[in-house]
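Q: Structure below; questions to follow.
The values are calculated or read from the model by the stated rules, or taken from the named source; none is laboratory data. As the structure is a prediction and not an experimental result, all values here were calculated from the model. Because the Cβ atoms are built from the backbone with ideal geometry, glycine has one as well, and the counts that use them run over all protein chains shown.
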Amino acid sequence: MTPTQWMPRLLGGAGVTALGLLAACGSGGPTGTDGTVVGVTLSEFVLTPSPTSVPPGAVFFAARNVGQGIHEVVVLQTDRVPDALPVTGSQVDETASGIQRLGRIENIQPGASAGQRIDLGPGRYVLICNIAGHYQQGMRAALRVP
Ligand SMILES: [Cu+2]
């Protein structure tokens, strides 16, 4: 990954503040007045956030695809546990009752990174990759905001 790969998506979606946070904190380091960075590592077929609990407020999701195929990160607010989301066909039904989609970082190429900043209130969240079949194969994880 080179810094230039980051720039278009960061400037388009998240802004310069998040870029500074990333440089300062790396993946998974908390805090600062502007938000918390959650690193999300993607591969076949694992989705791993770090940390898994963050304080309420602005959260910058910094996704990195270390796998061989295209992946994505979908941020859902739901009280359901990560492995019990409603599935239609081979994908999670993001419009089902009890689920609210807050963001999506899509089409992350192998070796690439991408980010999105989302404001999170206290609650339970599930991160998934909703490319067909990937959720069922294990690309799901919980995120808590106490
Ligand atoms: Cu995937």
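Q: If a residue counts only when it is modelled with pLDDT of 95 or more, within 16 Å of the ligand (Cβ to nearest atom) and over 12 Å from the mean Cα position of the chain (by Cα), which strands (runs of 3 or more DSSP E) contained entirely in the range 69-126 have at least 1 such residues?
A: Numbers: elements: 71-78, 99-108, 113-120.
Once the strands (runs of 3 or more DSSP E) in the range 69-126 are filtered for at least 1 residues that are modelled with pLDDT of 95 or more, within 16 Å of the ligand (Cβ to nearest atom) and over 12 Å from the mean Cα position of the chain (by Cα), what remains is 99-108.
Q: Among the residues in the range 126-135, are any closer than 16 Å to P49 by Cβ and of a type in the set (V, I, T)?
A: Step one: filter the range 126-135 for residues closer than 16 Å to P49 by Cβ, giving 126-130, 134-135.
Then drop every residue that is not of a type in the set (V, I, T), which leaves 126, 128.
Taking every residue of the range 126-135 in turn, at least one turns out to be closer than 16 Å to P49 by Cβ and of a type in the set (V, I, T).
Q: Identify, by number, the condition in (1) out of contact with any strand residue (DSSP E or B) (no Cβ under 8 Å at 6 or more places or on another chain); (2) surrounded by fewer than 15 Cβ atoms within 10 Å (Cβ to Cβ) that Q91 doesn't meet.
A: For Q91, the exception is condition (2).
Q: Right, something else. Tally time: how many residues in the range 43-61 are outside any loop (DSSP other than H, G, I, E, B) and over 17 Å from V145 (Cα atoms)? Walk me through it before giving the result.
A: Within the range 43-61, the subset outside any loop (DSSP other than H, G, I, E, B) is 43, 46-50, 53, 57-61.
Within this subset, residues satisfying the condition of being over 17 Å from V145 (Cα atoms) are 43, 46-47.
Counting residues in the range 43-61 that are outside any loop (DSSP other than H, G, I, E, B) and over 17 Å from V145 (Cα atoms) gives 3.
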